[in-house]
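Reviewing the structure listed below.
The values are calculated or read from the model by the stated rules, or taken from the named source; none is laboratory data. Source: prediction; values computed, not measured. Note that we place each Cβ from the backbone using ideal geometry, even for glycine, and neighbour counts take in every protein chain shown. Heavy atoms of the whole protein, side chains included, go into the accessibility calculation; ligands, DNA and RNA do not. Shrake-Rupley method; radii C 1.70, N 1.55, O 1.52, S 1.80 Å.
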Amino acid sequence: MAVGTEAVTPTAKRRVRGLPLSLRQVATLAGVLILVGFLALVPTLNFTQDNVFFWNEILIFVLFASSLNLLIGYTGMVSFGHAAYYGAGVYAVGVMVSKWGQDMMLVGLLFGTAVGGLLALVVGALIVRAAGLAFAILTLAFGQLAFTFVYQRNYLGGENGLAGILRGTIGPLDLGPLNNYYYFTLVIVFIAMMGIWLVVNSPLGLAMKSIREDAGRTQFLGMRVRLYKLAVFTLAGTLAGLAGSLRAYHNLFATPEELGLIRSAEPIIMSIIGGMGTFFGPVLGAIGYMWLENWLQAYTSTWIMWIGILLVAVILVFPGGLLGGLSRLRQVLRSRRPRGGWRLPWQKLHSDSMD
Amino acid sequence: MTFDELVIVTVNGISFGFLLFLVAVGLSLVFGVMGILNLAHGAFFMLGAYLAYEFGGAAALSLPLFILVMIGSGLVTAAIAAVLEAALFRRIYYREHLEILVFAFALIFVAEGAVRLQWGPNPLIMSYPEGFASSVSIFGAPVPEWSLLIIVAGLVILAGLAFLLFRTRIGYVIRAVAEDSHMAGALGLNVGLVFTGVFALGALLAAIGGSLVAPTLALTPQLGLLFLVQAFAVVVVGGLDSIPGSLVAAIILGLANSFLVFTFSGWAPYSFYLGLIVVLLLRPQGILGSRELTKQVG
Amino acid sequence: MRRIPALVMLVVLVSAVLAACGGGQGGAPGGAGTDEPIRIGVLAPLTGAQSTLGQEEKRGADLAAKMLNEDGGVLGRPIELVYRDGQGSPAEAVQIVRDFANEDINFTLGYVSSAQCLAVTPVAEQLGVLVMSSYCQTTKVTGSEFTENFFRATTSAEMLTRAGAQAIVQEDGDIAEWSSISPDYEYGHITWTIFKNQMELLVDGFEVVGEVWPPFQAASFSDHITKLNNSLSGHDQAGIFSSLYSGDMINMLSQAAPIGLVEGHPFLMLGTDLDAIRPLGQAGNVPTAWISVAYYHEAFDNPVNTEFVKAFQAEYGVVPIGYNATAFMSVTAYAAAIEKAGSTEVQAVHDALEGLTWQTPLGETTIRAEDHQAMFESLAMFKIAPADNEQGFEVTDVITIPGQDVSSPPHPGEVGEFSQ
């Protein structure tokens, strides 16, 4: 179990001698430092094909998956159409650069982010009144609507999408070279992840978890659940829009597949593999999934089947994904029955599903 | 729009609606009894179509033989589904909806790979059964005989399900479990067996749907996803737990689609999604459904 | 009773599935030689909706490499093809082109959709990788979106559409009334535009009597079919044009067969090859139609084609189709250019490709220096009809259309007049 969930285990309270931090906080900090350090060194390493481009894509998916995790993992709002807001970011940049000739990259990034957020605000305002499965299906419908729209509009390039996006400069930074853009992405994603961290550990984060656990009671406590939900939905859409804008400048084109069903499923799969509802789950999940997909594709034309089998196995055997598995392993090693049985906090038992 | 066109639109819409109903009815049955939205339905649909091809081949069969092939494909698919339910699905019923949905979705991926290994990536297609390869004229509109057969099949399945659920002891048990599985279990009914049976029955219906479209749709490993969103729309609009609701919704959506193709054809691809959105926002339990989806999960 | 652990169940089920399916398939690209091989990257849709094409592409390219290597290779070095699965996705294609560049593979071919071509060309330019498109037909890549590193060893949508129009008028008479059932996205609209422009030139009183636009991967075409059928009533002689392809074409024709939509009407299928016709033949739903894919194995009487067909039959037991020939030509174009350049240096090969003339199954072919589009002596158009034989159809007419009749002058950087 990673930091970011509400769990406060006895271990978490143990302090490291001489430091105002708990053991777990120290371990987490060390993990983050190692990960970021490694990511910063990627352009100088040469252990995989075209590592900079590949890792840049991973960074973007880390942000995309984490934005969805805010919705699903922390607030319990299942979205099957998150690619719509991501794709809105991609296409906003595409239209701005290739149609309006605006080549200020900072403007593009802000515009893409804003369009993602605005779309989420509008859609969210309509649908946050629904909950559970109804909400999930509504997000799916809006996602498919957006995909169809992009596919059909000639202005947006139809099935060919929009090409001709170029990276430019931001102030003194020349982001044309891939390495420079990689560091830029790393910084932006890092800042965005810090923002997510702050949100999930803020009063808003508490409200989100409270809504996830029981929206009805949260409402009775006097919190305006719909308003909170709308805020989270918009925030997630904004961050997805940012990821999409980064993606547009990464791939240098925009195509309808960025809004497709598979693109909506990918961050869910990543989060499930890594550990939904934990801060680091989607991070590890995105890295793991991208590696695995890349590796499988090189060896077999039925890679999609192996992804399916992996997912089935994770859900059956390692609910909670990599991080959930780790935390359970730790508890088993301490020969203690995991708190709350074998379920993780976010896997609330809902007996009403069968009545 | 002329009268001729109106007739064509209506007939087309209804026959497309029945096709959608055939694809979706199993989804609705499983949800009604078990409360899970089984996306693996798409995998069973595809498997059913491929198995029909495996048993029947590409050449034209006589109608009785085709029906036999269809039933064979349905039974094999149902057997596979029963094993999956007993071995895997029942371990995750208590989980969050997301996990159940993704779990079932992952099975579509697995089915895609398995079908690819078994039958290869090239498209396959079956023949219309002998004597069903042409069309008849209804008020001047040419309607494929196959479409009429699909309407008949839809009605037969509807009647069969009604008979099973309301006139037999098995149906009595199923309805008891659907009403309250805990209470049914406490009263000594074998809930697990009912779940397995209903899940298998849903797969059988999916496979029959798959067999019936095999003469009109190229079989490819991606078939599992092709109809899924439409089937989804049909059951949600109709009311997830209502089988007649699915039929009504399928016909309404089919008619809307046909009408749009003939009038504002640019809007036709959006019709299903718009239908979903409107219904879920205004009447979350669907046209004939009784359970509000919002109450399904806390 | 103890419950069987989920993991065990899962393992058992997975192995059962695999055992039933006969195990996985591997398949690393072959081709080793004593001398250091010349590596060519092939980006093929090995999975996904277009994997049929990918399979045919691989056969054609493999055969070309095999034949070249048996003849002693290129510059004394063997050709090695490195396959990557592009899945028909533009994003995958960009990633793969980068992988190729990183592995020092600077010659690439394949690419299945216009979207893929448009997505990779800027990247390829930046990385110094040559892109030889075998399948994407959009006129944009040689026109308004032209880039230096893009070459097309195959026909463009414009050539195919115009040649198809010419063939059907030449053989079936001056058909003035036309209708279309084509996909509702750019490819469908642009091909119909080109077709109309060409028909205006060919027949007097050209008139459109109906057009319907089914969406991409529609499950049911029935509304579009009846709508088109409706608008054809009273126009018994009107022709039907369709640029639906692959699965969509199979589905449309299967669903149209019962009401006889195309029966009795001249029918032109653009870009659909025999791969889609074969399953239709099995089910007895092949229409009488003209097929425009530029290649038919009996249409060309030249030594390269004779050898190609013979070798193909020996290798795979069937006759080659257009998809095979295109991949074959793309490989031999690189081989010819490398021979001509005398080196594998990218700029030298690029320069050699500009204006390259080499022998292909379609006869002598030249890549135009201005827009990098291959020009053909002639394109083969053929007509199929249902038949009472094993495959359910026969080829009833084959003609060739001179390439120069259906090609526009080069217009790099601009939209061609035929596409407007």
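Keeping to the range A:79-91, report how many residues are open to solvent by 10 Å² or more (accessible area, probe 1.4 Å) and not in a loop (DSSP other than H, G, I, E, B).
2
List the pairs whose first member sits in the range C:270-285 and is more than 20 Å from residue B:60 (Cα to Cα) and touching a residue at least 12 places away in the same chain (Cβ under 8 Å), whose second member is part of a helix (DSSP H, G or I) and not hydrophobic (A, V, I, L, M, F, W, C), and whose Cβ atoms are under 7 Å apart, counting only residues at least 6 apart or on separate chains?
From residues that are more than 20 Å from residue B:60 (Cα to Cα) and touching a residue at least 12 places away in the same chain (Cβ under 8 Å), the pairs are C:270/C:161; C:270/C:164; C:270/C:191; C:273/C:322; C:273/C:323; C:275/C:52; C:275/C:56; C:275/C:323.
Within the range C:327-355, can you find the residues that are outside any helix (DSSP H, G or I) and either on the phi > 0 side of the Ramachandran plot or touching a Gly at 6+ places or on another chain (Cβ under 7 Å) (or both)?
C:342, C:355
Output the residues belonging to the range A:29-87 that are over 15 Å from the mean Cα position of the chain (by Cα) and in contact (Cβ under 8 Å) with a residue 60 or more places away in the chain.
A:31, A:35, A:36, A:39, A:40, A:42, A:43, A:52, A:53, A:54, A:55
Restricting to the range A:23-78, name every residue that is of a type in the set (Phe, Trp, Tyr) and open to solvent by less than 20 Å² (accessible area, probe 1.4 Å).
Those that are of a type in the set (Phe, Trp, Tyr) and open to solvent by less than 20 Å² (accessible area, probe 1.4 Å): A:53, A:54, A:55, A:61, A:64, A:74.
Where the second residue is open to solvent by 30 Å² or more (accessible area, probe 1.4 Å) and of a type in the set (Gly, Ala, Ser) and the first is under 21 Å from residue C:285 (Cβ atoms) and lies in the range B:133-157, which pairs have Cβ atoms under 6 Å and are six or more apart or on separate chains?
Close Cβ pairs (under 6 Å, with a partner that is open to solvent by 30 Å² or more (accessible area, probe 1.4 Å) and of a type in the set (Gly, Ala, Ser)) amount to B:142/B:135; B:143/B:135; B:144/B:135.
What residue, among those in the range B:73-94 that are open to solvent by 20 Å² or more (accessible area, probe 1.4 Å) and within 19 Å of the chain's Cα centre (by Cα), is nearest to the other protein chains (Cβ to nearest Cβ)?
B:84
Has the range C:317-332 got at least one residue that is of a type in the set (Gly, Ala, Ser) and surrounded by fewer than 15 Cβ atoms within 10 Å (Cβ to Cβ)?
Yes, there is a match, as at least one residue in the range C:317-332 is of a type in the set (Gly, Ala, Ser) and surrounded by fewer than 15 Cβ atoms within 10 Å (Cβ to Cβ).
For the range C:148-179, enumerate the residues that are surrounded by fewer than 24 Cβ atoms within 10 Å (Cβ to Cβ) and of a type in the set (Ser, Thr, Tyr).
Across the range C:148-179, the qualifying residue is only C:179.
Do you know which residues across the range C:128-155 are within 21 Å of residue C:105 (Cβ to Cβ) and out of contact with any strand residue (DSSP E or B) (no Cβ under 9 Å at 6 or more places or on another chain)?
Answer for the range C:128-155, where residues must be within 21 Å of residue C:105 (Cβ to Cβ) and out of contact with any strand residue (DSSP E or B) (no Cβ under 9 Å at 6 or more places or on another chain): C:128, C:148.
Residue A:281 passes all but one of (1) within 14 Å of chain B (Cβ to nearest Cβ); (2) surrounded by 21 or more Cβ atoms within 10 Å (Cβ to Cβ); (3) modelled with pLDDT under 90; (4) more than 30 Å from residue A:150 (Cα to Cα); which number fails?
(3)
Can you tell me which residue is least open to solvent (accessible area, probe 1.4 Å) among those in the range A:202-217 that are out of contact with any Phe, Trp or Tyr (no Cβ under 9 Å at 6 or more places or on another chain) and more than 14 Å from chain B (Cβ to nearest Cβ)?
Selected residue: A:202.
Can you tell me which residues in the range C:382-394 are of a type in the set (A, V, I, L, M, F, W, C) and in a loop (DSSP other than H, G, I, E, B)?
C:387, the sole residue that qualifies.
What residue, of C:327, C:387, is small (Gly, Ala, Ser) and in the same structural domain as residue C:73 (by TED's automatic domain parsing)?
C:327
Test residue A:341 against the criterion of being open to solvent by less than 20 Å² (accessible area, probe 1.4 Å), at pLDDT 75 or above and either within 12 Å of chain B (Cβ to nearest Cβ) or more than 21 Å from the chain's Cα centre (by Cα) (or both), and give yes or no.
no
Name the residue that is farthest from the other protein chains (Cβ to nearest Cβ), counting only residues in the range A:136-152 that are within 18 Å of residue C:113 (Cβ to Cβ) and open to solvent by 20 Å² or more (accessible area, probe 1.4 Å).
Only one residue tops the list, namely A:147.
Among the residues of the range C:201-251, write down those that are assigned to a helix (DSSP H, G or I), open to solvent by 10 Å² or more (accessible area, probe 1.4 Å) and more than 9 Å from chain B (Cβ to nearest Cβ).
Of everything in the range C:201-251, those that are assigned to a helix (DSSP H, G or I), open to solvent by 10 Å² or more (accessible area, probe 1.4 Å) and more than 9 Å from chain B (Cβ to nearest Cβ) turn out to be C:201, C:202, C:231.
So residue B:31 ticks every box in (1) out of contact with any helix residue (DSSP H, G or I) (no Cβ under 6 Å at 6 or more places or on another chain); (2) farther than 21 Å from residue B:162 by Cα but one. Which box is left unticked?
(2)
Among C:82, C:131, which is under 26 Å from residue C:410 (Cα atoms) and at pLDDT 90 or above?
C:131
Is it the case, given these coordinates, that residue C:31 is away from chain B (no Cβ under 14 Å) and either modelled with pLDDT under 90 or surrounded by fewer than 22 Cβ atoms within 10 Å (Cβ to Cβ) (or both)?
Judged against the criteria, residue C:31 is a match.
Here is a list: B:57, B:42, B:26, B:17. Which entry is within 11 Å of another protein chain (Cβ to nearest Cβ) and crowded, with 24+ Cβ neighbours inside 10 Å?
Matching residue, one of B:57, B:42, B:26, B:17: B:17.
I'm checking my understanding of the structure. Among residues of the range C:280-303 that are of a type in the set (Gly, Ala, Ser) and not in a helix (DSSP H, G or I), which one is surrounded by the most Cβ atoms within 10 Å (Cβ to Cβ)?
Only one residue fits best here, namely C:292.
Of the residues in the range C:52-107, how many are closer than 16 Å to residue C:38 by Cβ and away from chain A (no Cβ under 11 Å)?
Qualifying residue count, the range C:52-107: 22.
Looking at the range C:69-86, can you tell me whether even one residue there is buried (at least 21 other Cβ atoms within 10 Å of the Cβ), within 17 Å of the chain's Cα centre (by Cα) and not aromatic (Phe, Trp, Tyr)?
Taking every residue of the range C:69-86 in turn, at least one turns out to be buried (at least 21 other Cβ atoms within 10 Å of the Cβ), within 17 Å of the chain's Cα centre (by Cα) and not aromatic (Phe, Trp, Tyr).
Tally up the residues in the range C:356-381 that are open to solvent by 10 Å² or more (accessible area, probe 1.4 Å) and part of a strand (DSSP E or B), please.
Within the range C:356-381, residues that are open to solvent by 10 Å² or more (accessible area, probe 1.4 Å) and part of a strand (DSSP E or B) number 8.
Filter the range C:166-200 for residues that are touching a strand residue (DSSP E or B) at 6+ places or on another chain (Cβ under 7 Å) and part of a loop (DSSP other than H, G, I, E, B) and give the result.
Matches in the range C:166-200: C:175, C:176, C:182.
Cβ-Cβ below 8 Å, separation at least six or inter-chain, first residue in the range B:95-123 and more than 7 Å from chain A (Cβ to nearest Cβ) and more than 22 Å from residue A:81 (Cα to Cα), second of a type in the set (A, V, I, L, M) and open to solvent by 20 Å² or more (accessible area, probe 1.4 Å): which pairs?
Partner pairs satisfying both residue conditions: B:111/B:47; B:115/B:47; B:118/C:20.
Only one of A:156, A:133 is within 14 Å of another protein chain (Cβ to nearest Cβ) and free of Cβ contacts under 8 Å to residues at least 60 places away in the same chain; which?
A:133
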